[in-house]
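Please treat every number below as a calculation from the coordinates, not as lab data. From a predicted model like this one, the values you see are computed outputs, not experimental measurements. Methodologically, a virtual Cβ is constructed for each residue, glycine included, from the backbone with ideal geometry; neighbour enumeration extends over all protein chains shown.
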Amino acid sequence: MIQYKLDPIFNSICSKIKNKRKFNHLIFIVMKSNGLIYTLLLLLSAVISCGSGQKAYNTGEEADSSVVARNGHLQVIGTQLSNEKGEPLVLRGASLGWHNLWPRFYNEGAVKWLKEDWKCTVVRAAMGLEIEDNYRENPEFALQCITPVIEAAIDNGIYVIIDFHAHKKYTKEAKAFFAEMAGKYGEYSNVIYEIWNEPDYFEWEEVKAYSEEVIEVIRAIDPDNIILVGSPHWDQDLHLVAADPIQNVSNIMYTMHFYAATHESWLRERTDAAIAAGIPIFVSECGGSEANGDGRLGVEEWNTYVDWMESRKISWVAWSVSDKNETCSMLLPRASAEGKWTEDLLKPWGKLTRNSLRSHNESPSGAYTP
Ligand code: MG
């Protein structure tokens, strides 16, 4: 419905118009909604942008060569994440840690470094719903953290997962949050929504009902961006999803999370069975450590998992860009907030992640459109 779509657009006009980099995108939104307004704004655009000729999505400096410029709007075809042309696409990247534990890494410099040096094609903003100073207690701070990450991803032409990082269920907060995110960013090709990071001890029926409610809110505003859906036991119960998937919604995928030193072949086999049953999978969080984020770093097991994901063209995001004294933290405490992390500032898992990302995102066989 046009009226419904126009409200969030005009609400955001003032903020967007201040920022020239977003102006052409605004034109793109409006031309889809209303021909008259399109005409008026096109004239205005000609004055403001002096005919810069950039694409509607990704108006950053590297618009022509970025992963988003080349692949555009994402879609799910069968079980496969695909680009705008319908070609298979594998995204690989890193997740920031909980925003309320590691707010210092939520900035443009860190995102730019992850793109340029680690070769990430996707980053994940993990907005915490638990642990102190979380989104429920302090939504303003949460938005102050995730906004520069989302906008840096847009400016730098990479994809970004907006992750509702919760283990418990907060339906009311999720609906309000994703309505806001879909209104602000639903027209950007860069954005992927992850609506419930890891449900812990819930039945699939409950997770499914929550997901359907949140998806309905998003789809009323944004008809097409990818939505990632969790499952019970930290996104491992894909057999339950396969037996009773969400119906009649396009461009949704289900998350699988693994920690290689704990999770053995059974989780890959369960995921393979889900894919065979038609369930699209996105590994939005994974690590080489044990499941608690600490303990042994399983290098061999990690490589086995990466080979498996690559063979199935599954996108993956490693956890996490943080500096805690634990195995799954990638950086040392003395690493700067804004990137420029030399090798000596990376913990073993950081080095392993960076190597895996660089080898797959740079090699011809690991290209964005295989
Ligand atoms: Mg959209």
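Give me the extension gain from residue 239 to residue 132: residue separation times 0.36 nm, minus the current Cα-Cα distance, reported in nm with one decimal. Write down the numbers at each step before the final one.
Working: separation 107, 0.36 × 107 = 38.52 nm, distance 3.35 nm.
Contour length minus Cα-Cα distance gives 35.2 nm.
With each pseudo-label sitting 7 Å past Cα toward Cβ, what's the residue 167-residue 264 distance in nm, one decimal?
2.4 nm
What is the extension gain from residue 303 to residue 355, computed as 0.36 nm multiplied by their sequence separation minus the C-alpha to C-alpha distance, in nm to one decimal? Please report the intermediate quantities before stating the final value.
Numbers: separation 52, 0.36 × 52 = 18.72 nm, distance 1.10 nm.
Stretched out fully, the residue 303 to residue 355 stretch lengthens by 17.6 nm.
Does anything in the stretch 196-214 have its amide N under 12 Å from the 7 Å Cα→Cβ label point of residue 326, and if so which residues?
Hits in the stretch 196-214 for residue 326 at 12 Å: none.
Counting other C-beta atoms within 10 Å, and keeping those with at most 11, which DSSP coil GluC sites (Glu not before Pro) do you find in the stretch 181-263?
none
Measure up 112/313; 168/324; 169/347; 175/313 against 29 Å on the Cα-Cα distance and list the ones that go over. Each step should come with its number before you reach the end.
Numbers: 112/313 25 Å; 168/324 23 Å; 169/347 33 Å; 175/313 31 Å.
As for pairs spanning more than 29 Å Cα to Cα, those are 169/347; 175/313.
Would you mind computing, in nm to one decimal, how far apart the modelled labels at residue 201 and residue 76 are, each placed 7 Å from Cα along Cα→Cβ?
Each label point lies 7 Å from its Cα, and together they span 2.9 nm.
How much length would be gained if the chain were fully extended between residue 116 and residue 248, taking 0.36 nm per residue of separation minus their Cα-Cα distance, in nm to one decimal? Display every interim value, and only then the final one.
Working: separation 132, 0.36 × 132 = 47.52 nm, distance 3.82 nm.
Gain on stretching residue 116 to residue 248: 43.7 nm.
Around residue 89, what is the net charge, scoring Lys/Arg as +1 and Asp/Glu as -1 over all other residues with Cβ under 12 Å from its Cβ? Walk me through the intermediate numbers first.
Details: positive: 70, 85, 92, 313; negative: 84, 87.
So the environment of residue 89 carries a net charge of +2.
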